């Protein structure tokens, strides 16, 4: 095993341990009283020192772990869902109709649409409901003729075009979400386009491959083909994209924390610690430790998922 | 894209009969371009609608919290969009009332008791006399009609109105068209003071008391002064590094790792390494020409150039190395070309399409990709303006920044699709 992969695994394991400790002990950086200001690291009172207000750096770092993971992982899952759904809806024209799967996709997509868009109060609730219903119907009903069946792909491509044209950071500034849920939906709902385009290409390649024709001719049900052949292959090929996206979400959380905007008021993360540390740059431990945490986390995620992709490619190659 | 080829073939054949100038392929190309332009225009319209939806004043404050003068000034009394759907029982005059809890309760009362014109006349009169009852009271009237007869503030005709009920009409939808609406005023303007977005009127900044368009224009000019040189420098350096790395067969991971680093970490690195003497940045950049500006803001320039170099090098190296496996590259080597010359003359030329497309794809970041660096180094640019606007809750300025960046990105997406 390469050293970088081993180090990445150790770092991520430490992060999850820190997450457990943070939840079990209910750590709040503001609740640590009576510590002197600006203690350097290595003291018995505070292992990594305290900042200019006497807050414990180590406990602050521990508290920053759940804030980061709560934001990045659900946003990644939402992005993945949107990407796979859009890719499937765009690629499905070349496979037989799957009423139950379409029904499920339409229902879940409609519910997510309903849950994610109430911050647009210009549109009344019933209009959102109609849009969700339209989406649902477009997924379920086999549309006759080429012109009508192009409606949904055109709609999705238009959505992709719009999302590509709106800078994410400025959109977050404009909406200024008040809760984690809004922020997660905003991040996940606006970042799936590249992943969706990549998934669509992979799906089309699979549906046109001889492998697909062979398993169809063997009479294997479509669900099993999707589950055992398509999605396993997709998750292997999507790993680097997911690495980029997850690292991107971590960076966005850090950037928003650094800027001090776009995050809920109760949020406390490494970006905020870094900003306060750089304001007092003579206290080197205040900016050094948060910087290292962000750096190691981003690099670990990237290295691990890249390594996973390489091993996946190798196993596929050997298997074939 | 829809496949119009069969239809176009027959159509262009008919057209070419009299004149002979509409070649089938030519018309097909024109119509495809037209369809693409139509799609881009629709996307632009949707972006504008999103900007408008975020800026609608009636969504920020409820009717009861704003004075009539404020409502007139912010266009809150107008309907939101050209088209709206409302229950059949509600008359078109209902849509002209300002949104809020009072309107909601009034709508429910009208749906239950009918006689809409009388209700609206009573509502307008109550607004004029400032005798509008509490929404909770209106809700109680809706629930218990007998309450209307006991309340002293209700006029006599209204007490008679509550005697009969017509609930079924409320379930029939009816489309309504509004020629004068908030979107039209926002987009096309209504007076000399309100020119509309199409004539560059993005409103007034609440914190600076200046037109948003002037603030955004000056800030964007400052941003472009250092983002364009850093992008060009990053592109050239990244290309050279990629060629060198491909020549030495280095793995692409180091550049990839550098390219995903957060910009605030890169900025902090530059700040701690290059800012030896504590460089003082000028308070205003209005009087500085380009060389003075770049000299004054050399640290953000260095940071942004490093970021761009890493990103370009990472992507270019992958594409150039992919071309080295092609037969033409092996042939060039076999003919005796040096590896570096073969890379730069053949592999790079083959990958040039991707290289240029990626460069065009990154063009929107000239404006919107420098927020953190500008905030970190105090550059009076576009990103810092948006950041300050958020901190000061200056919604028109934030939306102006968003719209300008979105238009810039939209143009870049259009260019990218042309190049790729």
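Here, each number is a calculation from the coordinates, and none is a lab measurement. The model shown is predicted, which means the values in this text are computed figures rather than measured ones. Please note: Cβ atoms are built from the backbone with ideal geometry, for glycine as well, and neighbour counts cover all protein chains shown.
In terms of its C-alpha gyration tensor, segment B:359-415 comes out oblate, because a/c is 1.5 or above while a/b does not outweigh b/c. Taking the fewest neighbouring Cβ atoms within 10 Å as the starting point, the ordered list for B:394, A:205, A:26 is A:26, A:205, B:394. With r as the distance between the Cβ atoms of residue A:216 and residue B:356 and R0 = 35 Å, compute the FRET efficiency 1/(1 + (r/R0)^6) and round to 0.05. After rounding, the FRET efficiency stands at 0.30.
For segment A:161-280, the alpha carbon convex hull comes to 125 Å³ per residue, rounded to a whole number. At an R0 of 45 angstrom, the distance between the Cβ atoms of residue A:158 and residue B:328 translates into a FRET efficiency of 0.70. The spacing between segment B:110-137 and segment A:177-203, judged by their C-alpha centroids, is 45 Å. With a ≥ b ≥ c taken as the square roots of the eigenvalues of the C-alpha gyration tensor of segment B:298-420, please select rounded if a/c is under 1.5 and otherwise prolate if a/b is larger than b/c or oblate if it is not? It is prolate, given that a/c is not under 1.5 and a/b is the larger ratio.
At a Förster radius of 22 Å, what calculated FRET efficiency corresponds to the Cβ-Cβ distance of residue B:179 and residue B:125, to the nearest 0.05? E(calc), rounded to 0.05, equals 0.30. Fraction of C-alpha pairs exceeding 31 angstrom in segment B:212-419: 29 percent, rounded to a whole number.
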